[in-house]
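The values are calculated or read from the model by the stated rules, or taken from the named source; none is laboratory data. The shown structure was predicted, so the numbers you read here are calculated from the model rather than taken from an experiment. Note: ideal-geometry Cβ built from the backbone for every residue, glycine included; neighbour counts use all protein chains shown.
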Amino acid sequence: MHKSLELVLLGCGVLAPAIYLFSIIYAAAAYPDYRHRSQFISELGTHNSPKAAYFNAGLSVTGILLMAFAVGVNLSPGNSRYVSPTQLGLAFFGFTVVLMAFYPCDPGCPRTPDKSPQIIAGHASAIPPGQPMTMKDWKP
């Protein structure tokens, strides 16, 4: 049972980027005149985006899958019982992705400080993925 749960949770780490990518492609295809090169991805979740609900749902699922993946990494062989910075970074990144789905920005996202939860979550989410993964896992 433990091994199959571990495989499912590790599989979440493979599925998460695929769902994220599909959400972007699907929402962008329905957004009139959306340009990947000049617009922020967050604009796909705005109130005037035709598929905002799908994009934000995709973000939520991606974040939940990333948090599940962090648990799977902890259960994998060779890990101690202690949570490493990598696992904390993955879980925190997943949490901020879910948070961004619940607080979509207005069109022109970075220029809308009134939606501070989305902007704060966006900035906070940029820190964990790279930071812990460049460190040696901490083991007391």
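Within segment 12-58, take every residue that is of a type in the set (Gly, Ala, Ser) and surrounded by fewer than 18 Cβ atoms within 10 Å (Cβ to Cβ) and give me the one that is modelled with the lowest pLDDT.
Ser38
Within segment 8-19, can one find any residue that is in contact (Cβ under 8 Å) with a residue 60 or more places away in the chain and touching a Cys at 6+ places or on another chain (Cβ under 7 Å)?
No, segment 8-19 contains no residue that is in contact (Cβ under 8 Å) with a residue 60 or more places away in the chain and touching a Cys at 6+ places or on another chain (Cβ under 7 Å).
Are any residues in segment 28-63 free of Cβ contacts under 8 Å to residues at least 40 places away in the same chain, closer than 30 Å to Thr86 by Cβ and aliphatic (A, V, I, L, M), and if so, which ones?
Within segment 28-63, Ile41, Leu44 meet the criteria.
Mind checking whether some residue in segment 89-101 is surrounded by 14 or more Cβ atoms within 10 Å (Cβ to Cβ), more than 10 Å from the chain's Cα centre (by Cα) and modelled with pLDDT of 70 or more? Before you say what the answer is, go through the steps one by one.
Taking segment 89-101 as the starting set, the residues that turn out to be surrounded by 14 or more Cβ atoms within 10 Å (Cβ to Cβ) are 89-101.
Going one step further and asking which of them are more than 10 Å from the chain's Cα centre (by Cα), we end up with 89.
Okay, now just the ones that are also modelled with pLDDT of 70 or more, so 89.
Yes, because at least one residue in segment 89-101 is surrounded by 14 or more Cβ atoms within 10 Å (Cβ to Cβ), more than 10 Å from the chain's Cα centre (by Cα) and modelled with pLDDT of 70 or more.
Conditions (1) in contact with a Gly (Cβ under 7 Å, 6 or more places away or on another chain); (2) not aliphatic (A, V, I, L, M), marked per residue:
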| site | (1), (2) |
| --- | --- |
| Ile25 | no, no |
| Tyr31 | no, yes |
| Ser38 | no, yes |
| Tyr54 | no, yes |
| Phe69 | yes, yes |
| Ser84 | no, yes |
| Gln87 | no, yes |
| Ala91 | no, no |
| Phe95 | yes, yes |
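Of all the residues that make up segment 36-62, how many are within 17 Å of Cys105 (Cβ to Cβ) and out of contact with any helix residue (DSSP H, G or I) (no Cβ under 8 Å at 6 or more places or on another chain)?
5
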